[in-house]
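Beneath this line is the structure, given in structure tokens, with notes to follow.
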Amino acid sequence: QVQLVESGGGLVQPGGSLRLSCAASGSFFSINLMGWYRQAPGKQRELVADITSGGYENYANSVKGRFTISRDNAKNTVYLQMNSLQSEDMAVFYCYATLKRSRTSGWAEVWGQGTQVTVSS
């Protein structure tokens with residue numbers, strides 16, 4: 001069983017910063033893509049940022065220049081540094097990963113349970 005465990009959400013004032021972490025645990029062969037989606041109340045889940053195992057980063061236009069994604073392949077962990085947070089960033093943030101459970105299996109998508117980010121004064 002593979003799990004993604006997120007941490008780092010919370011309450012922050014507008015203009016503040018938070019750092020999210022997501023660690024993959026359990027039995028798997030390899031991880032390719034890791035990233036973050038978010039879902040605000042009444043809105044669809046949207047991609048925030050993702051990063052390949054080789055370090056190629058991809059961002060939503062709304063967070064470019066404010067958020068930075070990174071990963072530690074040795075720790076199977078992905079991070080999201082969020083700066084200059086705004087009320088529009090308030091959402092539940094979900095970590096995800098595409099991985100292989102064995103050398104011969106296909107790619108599977110795994111999701112974390114979500115962590116709340118609240119931006120309020």
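Considered as a group, the residues in the range 1-22 that are polar (S, T, N, Q) and more than 13 Å from residue 118 (Cα to Cα) include one that is farthest from the chain's Cα centre (by Cα), and that residue is 1. Screening the candidates 14, 41 for the property of being at pLDDT below 95, over 17 Å from residue 76 (Cβ atoms) and of a type outside the set (D, E, K, R) yields one hit, 41. Taken over the range 62-87, the residue count meeting the criterion of being more than 21 Å from residue 25 (Cα to Cα) and without any contact (Cβ under 8 Å) to a residue 40 or more places away in the chain is 7.
In the range 32-49, what residues are within 14 Å of the chain's Cα centre (by Cα) and without any contact (Cβ under 8 Å) to a residue 24 or more places away in the chain? Correct list: 46, 47.
The values are calculated or read from the model by the stated rules, or taken from the named source; none is laboratory data. If you're wondering where the values come from, they're calculated on a predicted model, not measured in any experiment. Here Cβ is always computed from backbone atoms with ideal geometry, including for glycine, and neighbour counts include all displayed protein chains.
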